[in-house]
Amino acid sequence: MSLSPDDVKRIARLARIEIDDSQALASQSQLNTIFDLIATMQAVDTQGIAPMAHAQEVYQRLRADSVTETDHHAAFQAIAPAVENGLYLVPKVIE
Amino acid sequence: MKWETVIGLEVHTQLATQSKIFSGSSTAFGASPNTQASAVDIALPGVLPVLNKGAVECAIKFALAIGATLNRINVFDRKNYFYPDLPKGYQISQLAKPIVEGGVLTFLVPSTGSGQPEERVINLTRAHMEEDAGKSLHEDFQGVTGIDLNRAGTPLLEIVSEPEMRSSAEAVAYARALHTLVTWIGICDGNMQEGSFRVDANVSVRPVGQAEFGTRREIKNLNSFRFLQQAIDYEVRWQIETLEDGGRIEQATVLFDPDTGETRMMRSKEDAHDYRYFPDPDLLPVKLDEDWIESVRAALPELPAAMQLRFQNDFGVSAYDAGLLTGSRALAEYFEAAARACGQGKLVANWVMGELSATLNKAELDIMQSPVSSRQLGALVARIQDGTLSGKLAKQVFEGLWEGAGEVDAIIEARGLKQMSDSGELEKIIDDVLAANQKSVEEFRSGKEKAFNALIGQVMKASKGKANPAQVNDLLKAKLQ
């Protein structure tokens, strides 16, 4: 799989990242390198190997069940494209 | 053709933790939009989830309560889909290695006719931890959707049953038993209006005797037991009609519309998501050590099934009544305290399920808000038992207790509700009644049994309800001989 410059621009737009043509070209080649790496890994025969959830033999640390966060919605919503009555507004999506 | 219904349920229970599963935000219901959504919950770049110990402990409690296998090592996966109320673009859930596997739930299914309720044992497939999504508000805005992420990251335990239920009544009984259990062990507040307990029903039909399952359709997000019953009944009828008309059932997800009582297609199997599950690299595998599990086990309350058996043995109540009395932990504790206070379990059971429940229902109160305490009800029943009160007088005392007029004996005294025990006084009343009702006396003597009841009624009325009905019966019979 490889991406075209248009694919890269479309992904950038969906992620709300501003990107110019030269950046798109650079990103395209970087992303395609990653795809090549994935293709190499996918070629490995993993038949009969137990799935591994994590690379290290360490386990999840747990935190105590207590409320430690305070309300920062004003700061978070200052960078949102559209807000009303404390709600984030997004294009209508009904399934 | 005779058809058999096959139902499996997936229940999403919101876990009763203070904070979210992967962040320190509050899970309290009803806050202003987005005031309980932290950087983790709204998925700002660079944040990492940290697992809430309280949520894991809830899952351990549940596993112990249903005799399930606890996976000492369990793993969180990412379930990828795109929706605005899921800011990360994936839900953290558990697929390949859930925390809980197996277990059983035993409960009674009320009989449809007058027969005895039937015991059912349903196997559970699994239960896994995951995070809830935010809320989309479509109605309040023109052309746009409002997103509230307060609910995003609320811990859920999704509890999946085997497809072992065979009717909507069984499915409802299972869901009720599960609701009782999760609230009993305190892992969920059970508030269905607030979405704390949401049911998805997988429903299919097959000809009786056929080994393979029919094609199932999944009814999503039922938030009341009544809707669960209605939705399954409608869906089963629709599937049978479709098949009998020569049609085919296609695997699909459907929604139930309470206004029309119908289910309608949301998406077919062709549009089903490919969730691209994979282990979440932000979270390490979770390890449960034995000391922790044992300390949780030691702190578990007596479970409903064990309590039902004990109530039958200790208080002589029927299996069915024991089932009703353990409908919630608060109710069971109330009953037991009252029964112990007077030593009359059966009579207390009748009062709890009769007068008390009816009065609470009418006032829209639950047992924890009862103005009549378990100690007071026990004292009331003790006064019935020792003959001070008839059932009728006891109801008047109960009304007094309900109104907060004081303790049982004080109310009896103040309102003069003591049952008449002086037989001389009663005999005088009976003589007066007989003298005034010669016609009834003659009718009785000429063989009209009904006239006797009329005389009893007159005596009770003349005694202002304070005569002991059994005593009236005996004395009246003796006098009419």
Complete set of residues in the stretch B:238-279 that are loosely packed, with under 12 Cβ neighbours inside 10 Å and in a helix (DSSP H, G or I): B:241, B:244, B:269, B:270, B:271
Only listed residue being among the polar types (S, T, N, Q) and modelled with pLDDT of 95 or more, chosen from B:106, B:112, B:69: B:69
Filtered residues of the stretch B:15-33 (kept if within 14 Å of residue B:154 (Cβ to Cβ), at the interface with chain A (Cβ under 7 Å from one of its Cβ atoms) and touching a helix residue (DSSP H, G or I) at 6+ places or on another chain (Cβ under 9 Å)): B:17, B:18, B:19
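What residue, among those in the stretch A:7-33 that are among the polar types (S, T, N, Q), open to solvent by 60 Å² or more (accessible area, probe 1.4 Å) and out of contact with any helix residue (DSSP H, G or I) (no Cβ under 9 Å at 6 or more places or on another chain), is nearest to residue A:81 (Cα to Cα)?
A:22
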All helices (runs of 4 or more DSSP H) inside the stretch B:422-481 with 2 or more residues being charged (D, E, K, R) and under 23 Å from residue B:391 (Cα atoms): B:423-436, B:449-462, B:469-480
Counted residues, the stretch A:55-71 - those being under 29 Å from residue A:89 (Cβ atoms) and more than 7 Å from chain B (Cβ to nearest Cβ): 1
Qualifying residues in the stretch B:133-159 (those that are crowded, with 23+ Cβ neighbours inside 10 Å and more than 14 Å from chain A (Cβ to nearest Cβ)) - the one farthest from residue B:20 (Cα to Cα): B:159
Every residue from the stretch B:374-400 that is surrounded by fewer than 18 Cβ atoms within 10 Å (Cβ to Cβ) and assigned to a loop (DSSP other than H, G, I, E, B): B:386, B:387
Strands (runs of 3 or more DSSP E) (entirely within the stretch B:1-116) containing at least 2 residues that are over 22 Å from the mean Cα position of the chain (by Cα): B:3-14, B:77-80, B:90-93
Top-ranked residue of the stretch B:66-100 - restricted to ones that are in contact with a helix residue (DSSP H, G or I) (Cβ under 8 Å, 6 or more places away or on another chain) and open to solvent by less than 20 Å² (accessible area, probe 1.4 Å), ranked as farthest from the other protein chains (Cβ to nearest Cβ): B:66
Boolean, residue B:125 is assigned to a loop (DSSP other than H, G, I, E, B), away from every other protein chain (no Cβ under 14 Å), open to solvent by 40 Å² or more (accessible area, probe 1.4 Å) and out of contact with any helix residue (DSSP H, G or I) (no Cβ under 6 Å at 6 or more places or on another chain): no
Filtered residue count, the stretch A:13-36, keeping only those that are modelled with pLDDT under 90 and in a helix (DSSP H, G or I): 2
Per-region count, the stretch B:280-322, residues in contact (Cβ under 8 Å) with a residue 60 or more places away in the chain, in a helix (DSSP H, G or I) and within 20 Å of residue B:345 (Cβ to Cβ): 4
Odd one out for residue B:341 among (1) free of Cβ contacts under 8 Å to residues at least 40 places away in the same chain; (2) closer than 26 Å to residue B:466 by Cβ; (3) open to solvent by 50 Å² or more (accessible area, probe 1.4 Å): (1)
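Across the stretch B:101-110, which residue is nearest to the other protein chains (Cβ to nearest Cβ) among those that are open to solvent by 50 Å² or more (accessible area, probe 1.4 Å) and closer than 13 Å to residue B:126 by Cα?
Across the stretch B:101-110, the extreme among qualifying residues is B:101.
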From B:405, B:349, B:454, B:436, residue being within 28 Å of residue B:319 (Cβ to Cβ) and not acidic (Asp, Glu): B:349
Flag for residue B:113 being assigned by TED's automatic domain parsing to the domain that holds residue B:180 and in contact (Cβ under 8 Å) with a residue 12 or more places away in the chain: no
Criterion (acidic (Asp, Glu), under 29 Å from residue B:364 (Cβ atoms) and surrounded by fewer than 13 Cβ atoms within 10 Å (Cβ to Cβ)) met by exactly one of B:442, B:403, B:407: B:403
Every residue from the stretch B:401-421 that is part of a helix (DSSP H, G or I) and either among the basic types (Lys, Arg) or within 25 Å of residue B:369 (Cα to Cα) (or both): B:401, B:402, B:408, B:409, B:410, B:411, B:412, B:415
Matching residues, the stretch B:344-358, being open to solvent by 40 Å² or more (accessible area, probe 1.4 Å), assigned to a helix (DSSP H, G or I) and in contact (Cβ under 8 Å) with a residue 24 or more places away in the chain: B:346, B:347, B:353, B:355
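Which one of these is surrounded by fewer than 16 Cβ atoms within 10 Å (Cβ to Cβ) and among the hydroxyl-bearing types (Ser, Thr, Tyr): B:32, B:38? Don't jump to the end; show me each part of the working.
On the way: B:38 fails: surrounded by fewer than 16 Cβ atoms within 10 Å (Cβ to Cβ).
Step by step, each of B:32, B:38 is checked, and only B:32 is surrounded by fewer than 16 Cβ atoms within 10 Å (Cβ to Cβ) and among the hydroxyl-bearing types (Ser, Thr, Tyr).
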The lone exception for residue A:45 - which of (1) more than 14 Å from chain B (Cβ to nearest Cβ); (2) surrounded by 10 or more Cβ atoms within 10 Å (Cβ to Cβ); (3) among the charged types (D, E, K, R) it fails: (2)
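The values are calculated or read from the model by the stated rules, or taken from the named source; none is laboratory data. If you're wondering where the values come from, they're calculated on a predicted model, not measured in any experiment. In this analysis, Cβ positions are derived from the backbone assuming ideal geometry, glycine residues included, and neighbour counts consider all displayed protein chains. Only protein heavy atoms, including side chains, enter the accessible area calculation; ligands, DNA and RNA are left aside. Shrake-Rupley method; radii C 1.70, N 1.55, O 1.52, S 1.80 Å.
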